[in-house]
Amino acid sequence: MARPYRVRRVARHDAAAVRTIHIDGGKMRIYALKIFFLVCAGAIGVRLFGLMVAQHGFFTALASDSHEIYAELTPERGGVYLENAEEKLIPLAINRDKFVVFADTRGYEDPKQPLEVATSLAEFFGYDDERKFKVLEQLQKQNDAYEQIEKNVDEDTKKRLEERKLPGIHFSRFRERFYPEGALAAPVVGFVGKTENGTSVGRYGVEGYWNSLIGGTGGVLEGIRSASGAWIPLAGRSFERATDGADVILTLDRTLQYEICERLKNAVSTYQAQSGSMVIMDPLTGAIIVMCSVPDFDPNEYNKVTDISTFNNLSIFEPYEPGSVFKPITMAAALDMNVIKPDDYFYDSGSVEAGCKKPIQNADNRSYKDQNMSGILERSINTGVVFIANKLGKENFRQYVEKFGFGTKTGIELDTENPGTIASLYQNKGDKVDCYTATASFGQGITATPLQLVTAFSAIANGGKMMKPYIVKRIEYANGKVETIRPTEIRQVISKHTADTVAAMMVRVVDYSEGKRGQVPGYYIAGKTGTAQIAGPGGYTAETNHSFIGFGPVGNPKFVTLIRLEKPQRTYANITAAPLFAEITSYLLSHYHIPPER
């Protein structure tokens, strides 16, 4: 009986052991699960930190790109116009539609279609075999939504191509700056180019100076869209309307601009000059009637210009030593200061010491003996003008040069104006006339632009009143507002008596002396020639600038004209610039229907 008892005890002991083992195993699994969930939670926490904190900006931008609406609204660029006698606007710079021709090859199911389309395009655009093959390769690309074929097609061409109804051929519209008059007034107008990021911007002339006004102001549209792409009204919207650019109407006379600039081009060619420039101003208002610069360019093809200096408007950009055309300025200053009178006596020995390395001499080393003040201008006597400068004194001379506007910009509404320089007049202290002042008295050693010279002589033509030159007549804003530019008087430079006296002296220059080739029969025309040596690295060279400045009719002047020819292959301005002045003046008198007065 004892044996079974032992067996039962052993069995109870083994069951307890098994229960203990089962309990310990369960605890281990629970611990393992806890650890597992803790690890998972940690991993999730780390990931959430990365998404919500470390990469917050990235995912915000990604969501914004998916749900935000943002569009920049481009304004329409304003135009540049002339106005004819009937007050009809003539466009110089406007916008027009152009088109990109592209192919969508996804619709080509028949393998013959690309060849048929390429053949039709080649016939339409006049492709050679090489170009036709390249187009065929483009059309044979499968599932391509956009293959650009042509990128600069006008509307008429686009309509004619549409009539062929070529499968897969589509058009994309864009706006382009267009200059209907081509090279007419191109250095005045400028052009619209591209920045490095592809933005359109005005360059040179009116397009450059007035870029902000003509270009307008861009607008912005912002909002939130749903998953379907629709705008969500309750999420708000920001809208800033684009403001189109203003139209600018110039003072230039279209007929005169064309006819007169063509005459300048012919003169540059005839006399083999390097360049030419001309400005014609209304002396009573300051309005620019004509402004020419040769060589010029076609702003529709500005990218074909190889020498960027061609873009410069020489009438305002390139100052030069004016030479003898400056002598009436010195004469006017001395007469206005009452240090000389028209009939004062002067003896010309042919040379004069003025502190320079060499004595100052007259052209061709001539000596004119006994002369009065009028004779100094008539015969363009260098030594006589130095005599006048000595009467004035250095300080008075400099002050009058400044009063006439030299050494500062005129403020005309065009890009790249140059102020010229009169820095030599500030050399050396004291009031004694030195070499710099002596040479400046006859237009050497200082520089001026054609526009500065025209503005200064307009004061002589206008009874001593200097008017601010302007080339914009009117601005018409997109909202209907119109701003008309009014003539502005800068200052009274000299007295009316002085102005009339100098004008009479300049009439004698044209009637009786070296300006004779500038005469127009039947009219009193004032004028002065200038032949100025061009400075080089080692001093003055044999090359010259030829100028003629004049105005008329003297009793009631309608225009002041400055002609400049750079390095013409002739000796003196009286055989180049003077005849051109006479031709242009005759045309102006006829254009304005001014009857003869003598």
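The values are calculated or read from the model by the stated rules, or taken from the named source; none is laboratory data. What you see is a predicted model, and the numbers here were worked out from it, not measured in a lab. Note: ideal-geometry Cβ built from the backbone for every residue, glycine included; neighbour counts use all protein chains shown.
Taking the stated definitions as given, is Tyr368 touching a residue at least 60 places away in the same chain (Cβ under 8 Å) and farther than 21 Å from Ile563 by Cα?
Against the criterion (touching a residue at least 60 places away in the same chain (Cβ under 8 Å) and farther than 21 Å from Ile563 by Cα), Tyr368 does not qualify.
Filter the range 350-365 down to the residues that are assigned to a helix (DSSP H, G or I) and at positive phi and list them by number.
Correct list: Asp364, Asn365.
Within the set of pairs 6 or more residues apart or between chains, which connect a residue that is in the same structural domain as Asn143 (by TED's automatic domain parsing) inside the range 104-122 to a residue that is at pLDDT 90 or above and β-branched (Val, Ile, Thr) with Cβ atoms less than 6 Å apart?
Correct list of pairs: Ala118/Val135; Leu121/Val135.
Enumerate the strands (runs of 3 or more DSSP E) found wholly within the range 268-349, keeping only those where 3 or more residues are more than 27 Å from Ala577 (Cα to Cα) and over 24 Å from the mean Cα position of the chain (by Cα).
Values: elements: 275-281, 288-294, 345-348.
Of the strands (runs of 3 or more DSSP E) lying wholly inside the range 268-349, those with at least 3 residues that are more than 27 Å from Ala577 (Cα to Cα) and over 24 Å from the mean Cα position of the chain (by Cα) span 345-348.
Checking Ile525 against (1) modelled with pLDDT under 95; (2) buried (at least 24 other Cβ atoms within 10 Å of the Cβ); (3) more than 20 Å from Ser277 (Cα to Cα): exactly one of these is not met. Which one?
Among (1) modelled with pLDDT under 95; (2) buried (at least 24 other Cβ atoms within 10 Å of the Cβ); (3) more than 20 Å from Ser277 (Cα to Cα), the lone unmet condition for Ile525 is (1).
Looking at the range 299-319, which of its residues are within 23 Å of Leu565 (Cβ to Cβ) and either touching a residue at least 12 places away in the same chain (Cβ under 8 Å) or buried (at least 22 other Cβ atoms within 10 Å of the Cβ) (or both)?
Those that are within 23 Å of Leu565 (Cβ to Cβ) and either touching a residue at least 12 places away in the same chain (Cβ under 8 Å) or buried (at least 22 other Cβ atoms within 10 Å of the Cβ) (or both): Thr310, Phe311, Asn312, Asn313, Leu314, Ser315, Ile316, Phe317, Glu318, Pro319.
Confirm whether Ala504 is more than 32 Å from the chain's Cα centre (by Cα), buried (at least 21 other Cβ atoms within 10 Å of the Cβ) and assigned by TED's automatic domain parsing to the domain that holds Ile316.
Criteria not met by Ala504.
Would you tally the residues in the range 82-127 being more than 30 Å from Leu250 (Cβ to Cβ) and either part of a loop (DSSP other than H, G, I, E, B) or touching a Gly at 6+ places or on another chain (Cβ under 7 Å) (or both)?
12
Checking Arg96 against (1) surrounded by 16 or more Cβ atoms within 10 Å (Cβ to Cβ); (2) touching a residue at least 60 places away in the same chain (Cβ under 8 Å), which test does it fail?
Just one mismatch for Arg96, condition (1).
I'd like to know if the range 467-480 contains one or more residues that are of a type in the set (Phe, Trp, Tyr), modelled with pLDDT of 95 or more and more than 26 Å from Ala85 (Cβ to Cβ).
No, the range 467-480 contains no residue that is of a type in the set (Phe, Trp, Tyr), modelled with pLDDT of 95 or more and more than 26 Å from Ala85 (Cβ to Cβ).
Any idea which of Gly198, Gly182, Gly193, Gly208 is in a strand (DSSP E or B) and small (Gly, Ala, Ser)?
Unique residue meeting the criteria: Gly193.
Could you list, in sequence order, the residues of the range 447-461 that are outside any helix (DSSP H, G or I) and surrounded by 24 or more Cβ atoms within 10 Å (Cβ to Cβ)?
Answer for the range 447-461, where residues must be outside any helix (DSSP H, G or I) and surrounded by 24 or more Cβ atoms within 10 Å (Cβ to Cβ): Ala448, Thr449.
Which condition breaks for Gly384 when tested against (1) under 14 Å from Ile360 (Cβ atoms); (2) part of a loop (DSSP other than H, G, I, E, B); (3) not β-branched (Val, Ile, Thr)?
(2)
Could you go through the range 533-555 and let me know if any residue there is surrounded by 15 or more Cβ atoms within 10 Å (Cβ to Cβ) and assigned to a loop (DSSP other than H, G, I, E, B).
Yes, the range 533-555 contains at least one residue that is surrounded by 15 or more Cβ atoms within 10 Å (Cβ to Cβ) and assigned to a loop (DSSP other than H, G, I, E, B).
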